[in-house]
Amino acid sequence: MKREQLPLGEPVNLSRRRFLLASAGVAAGALVLGCGLPLGVGRVEAADAAAASPIKVPALLEIRPDGRVRLLCSFMEGGQGIYTAMAQIVGEELDIDPARFLVEAAPAGPDFVVMDNGRRITGGSMSVRTSYPTMRKLGALARAMLLQAASERLKVPVSELTTEPGRVIHAASGRTLDYGELAERAMDLPVPDADSVKLRAPSQFRWIGKPVQRVDAYDKSTGKAVYSIDIKVDGMLHAAVQHAPRLGMTVASVHNEEQVKAMKGVHSIHRLPGAMAVVAERWWHARRAAEALQVDWQEAAADSRVRAMPADFSSDGHRQRLAGETGPGREAEQEGDFASAWNNASTRVEATYHNQYLNHAQLEPASATARFNPDGSLEVWLPNQAPDMFRADIAKRTGLDPEKITLHSPLLGGFFGRHFLYDSANPYPQAIELAKATGRPIKLIWSREEEFLRDVLRPMAVVRFRAALDQDGLPVALEAVSATEGPTEARAGKQAEKVDATAVEGLAGKAYAIANRRIAQNYVQGPAMLGYWRSVGNSLNDFFYEAFLDELADQGKHDPFELRLKLLRDNPRLTTLLNAVGELSGGWKRGPWVAEDGTRRARGVAMASPFGSHAAVIAEVSIENGQVKVHEIWQAIDPGSIVNPAIIDAQVNGAVALGLSQALVEEAVYIDGKPRARNYDLYPILPPARMPRVQVKIVESGEKMGGIGEPPLPATAPAVANAVAHLTGQRIRSMPLSRYTFS
Amino acid sequence: MDLRINQQTYQVDADADTPLLWVLRDDLGLTGTKYGCGLAQCGACSVLVDGNVVRSCVTPVAGVVGREITTIEAVEADAVGKRVVEAWVRHQVAQCGYCQSGQVMAATALLKHNARPDDREIEAAMVNLCRCGTYNAIRAAVHDVASNEGAA
């Protein structure tokens, strides 16, 4: 492959092979430090280039003679800023400016497992928090080796040496050596014991905790950043597909194959499982031809391998089916005795909530490029959040040894959960099949319409709440029974031993002191393909719970902010957080009041504790032309400790935008087994005009580090819903709000 | 047909109704301009034609023969475009970055026509979609360029 086609479009990217030659001393020296299992001892392996195929050599870190540092990142960059965070963390301990880093996605393979749970995925807001100690150690080990090399070169003990960013200093003699000058020598040294290096004290941090600029900001502002859809390999053909309108259907016959074959630019036409494909010299030709194919589709066979979508499926119908599931459900959380508290209560509150299906609608449509090499090996360029899982799947599909499969992971043009492994939702199996059939490299792009057709959906749930209030109007018992299918059990196609945590998170795990709780799930398998969507179960469940909590506040005649404070009175961390968002908003006030511009406004509050972090949101809304207008969002977020406050601010903005989008406008509607929307014309996402001002307060409690990509999302929708309910007097028990009429 | 793109002339063999986007991307390798929707809904494909922003995914290539096309690849050759890019970096606008080529082109077109747009004018002109929610950063960056107008 050509290195210059990799992410960041970095012009000086060396090929792996050339790099190995360089690191072996043929051209120029470079320190290559790999890191095995999490927290394991790093090791230098580059010197033995001949022993292994290049791609297998672990090489997380390379210090180049020019003093630049190349980091092969275990995590995929899709806007969350992980490349920058990793450069900050490694750079901190290595003592070199993160701006000196070239960061690229690491290939598949066990050498790039740096998460403390032994996995390698980019998801669950886990990247920084699970790799932080390992990546710091990696930087520190590399620094120790550079010090050792300098010690030998200057013939002084290591103890007399220090570092400043990018160089080793011998203060006594005033001599300095740039890292680049030491790289070649350091390369031959053994990696010290991981426990022998001392990490920096946080008080001494130069870059961690600072608003360091993103490593990719310029490339992404000038069109130089390279995504999967931009990949070009020599001799490639372009492909487009027409999918069956419903998953599971297959091609019965094609009426006009000969005419389409004669269309300009068409190379060949192919029948694929559940799709017709056209290969052409240009994607535009392929697409036009694929759309022109007149296909008779037949219903899925009884033994269909995929989840067949029936002709009578509708999203509204499915919601009714979920609403009809009124059994007690399987318990996910149980505390105290809900039943007796309910039976003895003086005040009881019941309400049923539901949400909608959602698409990911990331701006980059899915694509994949596949190339078989003369030696039988296969290279695939594709958007993914888990290279090892994808490679294993490709191995299974092709029968190839995984060692024969090279995965390239360009920048992601948005992901939000879209690029996990979902059967039939990824284009790479088709690209591989077409590359095999044509003997040419194939770049397959799914048109926006095909992308929407095969995207997996954020699950839908109907949740029945019951709660009991005591004489003071405080909740003493709460039950939530969700009729739903979680994304994890949907991917597995069956229920697991335990309740799918991704189905109930945000109902379960709430911090409020309510003595008697019962959270349960009625598992209802549906035909729609489901997947993870930014903040997963929390994206719906915190909406339900926090909106219902406001109902309880109103019933018990408590201010919702004060009620939350009461229920968190024994939780100093969340009390601090809630007060922080109150202060950020200028002091909690619920309204309604008439603003200077004449609009009537109110505020709502909500909280969520997803992915190891905690968030509190206040929203200010009015009604404008019958629609909800969100003017302000204040969010206080406590991820324990942080790496980059500027990126956190951006992530909060992004999560708020997505949270508002689902609260206000988004909905994937299925009718007759088909999605109503196949593009942004019928699937609106939050437009710029509806983006409110967002103010963020980061609270560093010093507790265990949590995630940041997803946690700012879930409290957004209920804060808005609570504000709207208070403003209009109309309870909001479902999303999106575009389904409501306000006056 | 001959196309004038980024101050160069390209000989292109394409059907008259081929969208400019695909000529740029597949024929000329100018992949900085992105495909998002193909329906002029999202704006990821925004380019300048004679200084006006157009959505290249629905612009037939025959319609831009003889006109000056500017893509993101050459945006820094334009004095306003250069300042827009600098503001985009200063404000760290991009997240995934996929829509940002189009955003930068839309902002450049706006600021070339109107050096000091007010909030309403910015809102009217900056309508491209962004799934990462960079809208506030975009707004701040456009304001930044506008307020520095004349100072540079």
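Looking only at residues that are touching a His at 6+ places or on another chain (Cβ under 8 Å) and of a type outside the set (A, V, I, L, M) in region A:261-277, which one is nearest to A:Gly248 (Cα to Cα)? Before the answer, list the steps.
Let us first name the residues in region A:261-277 that are touching a His at 6+ places or on another chain (Cβ under 8 Å), namely A:263-266, A:274-277.
Those still in the list that are of a type outside the set (A, V, I, L, M) too: A:264-265, A:274.
Values: A:Lys264: 31, A:Gly265: 30, A:Gly274: 6 Å.
Within region A:261-277, the match that is nearest to A:Gly248 (Cα to Cα) is A:Gly274.
Which of the residues belonging to region A:620-652 are under 19 Å from A:Val128 (Cα atoms), surrounded by 24 or more Cβ atoms within 10 Å (Cβ to Cβ), of a type outside the set (A, V, I, L, M) and within 14 Å of chain B (Cβ to nearest Cβ)? Passing the criteria: A:Asn644, A:Gln651.
Quick grid of which residues meet (1) more than 39 Å from the chain's Cα centre (by Cα); (2) of a type in the set (S, T, N, Q):
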residue	(1), (2)
A:Asp116	no, no
A:Met126	no, no
A:Leu138	no, no
A:Ala149	yes, no
A:Arg153	yes, no
A:Ser159	yes, yes
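Counting only strands (runs of 3 or more DSSP E) that fall entirely inside region A:561-649 and contain at least 3 residues that are not assigned by TED's automatic domain parsing to the domain that holds A:Ala715, no element qualifies.
If you check A:Val233, A:Val251, A:Val212, A:Val226, which single one turns out to be away from chain B (no Cβ under 14 Å) and at pLDDT 95 or above?
On the way: A:Val233 fails: away from chain B (no Cβ under 14 Å); A:Val212 fails: away from chain B (no Cβ under 14 Å); A:Val226 fails: away from chain B (no Cβ under 14 Å).
When all the criteria are applied, what remains is A:Val251.
Candidates are the residues of region A:303-323 that are among the aliphatic types (A, V, I, L, M) and within 16 Å of A:Gly493 (Cβ to Cβ); the one that is surrounded by the most Cβ atoms within 10 Å (Cβ to Cβ) is A:Met309. Among B:Gly43, B:Gly51, B:Gly102, which is more than 7 Å from every other protein chain (Cβ to nearest Cβ), touching a His at 6+ places or on another chain (Cβ under 8 Å), touching a residue at least 24 places away in the same chain (Cβ under 8 Å) and not aliphatic (A, V, I, L, M)? Exactly one of B:Gly43, B:Gly51, B:Gly102 is more than 7 Å from every other protein chain (Cβ to nearest Cβ), touching a His at 6+ places or on another chain (Cβ under 8 Å), touching a residue at least 24 places away in the same chain (Cβ under 8 Å) and not aliphatic (A, V, I, L, M), namely B:Gly51.
Given the condition of a type in the set (Val, Ile, Thr) and in a strand (DSSP E or B), answer yes or no: does some residue in region A:231-249 qualify? For region A:231-249, residues of a type in the set (Val, Ile, Thr) and in a strand (DSSP E or B): present. One residue is enough: does region B:17-39 have a residue meeting the conditions surrounded by fewer than 18 Cβ atoms within 10 Å (Cβ to Cβ), within 21 Å of B:Leu129 (Cα to Cα), within 11 Å of another protein chain (Cβ to nearest Cβ) and at pLDDT 95 or above? Yes; the residues of region B:17-39 include at least one that is surrounded by fewer than 18 Cβ atoms within 10 Å (Cβ to Cβ), within 21 Å of B:Leu129 (Cα to Cα), within 11 Å of another protein chain (Cβ to nearest Cβ) and at pLDDT 95 or above.
Could you please find all residues in region B:54-75 being within 17 Å of B:Pro19 (Cβ to Cβ), in contact with a helix residue (DSSP H, G or I) (Cβ under 6 Å, 6 or more places away or on another chain) and without any contact (Cβ under 8 Å) to a residue 60 or more places away in the chain? Answer for region B:54-75, where residues must be within 17 Å of B:Pro19 (Cβ to Cβ), in contact with a helix residue (DSSP H, G or I) (Cβ under 6 Å, 6 or more places away or on another chain) and without any contact (Cβ under 8 Å) to a residue 60 or more places away in the chain: B:Ser56, B:Cys57, B:Thr59, B:Ile72. Screening A:Ala425 on (1) of a type in the set (A, V, I, L, M); (2) out of contact with any strand residue (DSSP E or B) (no Cβ under 6 Å at 6 or more places or on another chain); (3) crowded, with 24+ Cβ neighbours inside 10 Å shows it passes everything except condition (3). In contact with a Gly (Cβ under 9 Å, 6 or more places away or on another chain), more than 7 Å from every other protein chain (Cβ to nearest Cβ), of a type outside the set (A, V, I, L, M, F, W, C) and assigned to a loop (DSSP other than H, G, I, E, B) - does that describe any residue in region A:683-701? Yes; the residues of region A:683-701 include at least one that is in contact with a Gly (Cβ under 9 Å, 6 or more places away or on another chain), more than 7 Å from every other protein chain (Cβ to nearest Cβ), of a type outside the set (A, V, I, L, M, F, W, C) and assigned to a loop (DSSP other than H, G, I, E, B). For region B:60-80, filtering for residues that are away from chain A (no Cβ under 13 Å) and more than 15 Å from B:Val104 (Cβ to Cβ) leaves 8. Within region B:82-99, residues that are in contact (Cβ under 8 Å) with a residue 24 or more places away in the chain have Cβ atoms under 8 Å from residues that are surrounded by fewer than 24 Cβ atoms within 10 Å (Cβ to Cβ) and of a type in the set (D, E, K, R) in these pairs: B:Ala87/B:Asp144; B:Arg90/B:Asp144; B:His91/B:Asp144, counting only partners at least 6 apart in sequence or on another chain.
Here B:Leu110, B:Leu129 are screened, and the one residue that is over 24 Å from A:Ile647 (Cα atoms) and surrounded by 15 or more Cβ atoms within 10 Å (Cβ to Cβ) is B:Leu110. Within region A:155-210, the set of residues being surrounded by 16 or more Cβ atoms within 10 Å (Cβ to Cβ) and part of a helix (DSSP H, G or I) comprises A:Tyr179, A:Gly180, A:Glu181, A:Leu182, A:Ala183, A:Glu184, A:Arg185, A:Ala186, A:Met187, A:Ala194.
The values are calculated or read from the model by the stated rules, or taken from the named source; none is laboratory data. Not measured: the values here are computed from a predicted model. Methodologically, a virtual Cβ is constructed for each residue, glycine included, from the backbone with ideal geometry; neighbour enumeration extends over all protein chains shown.
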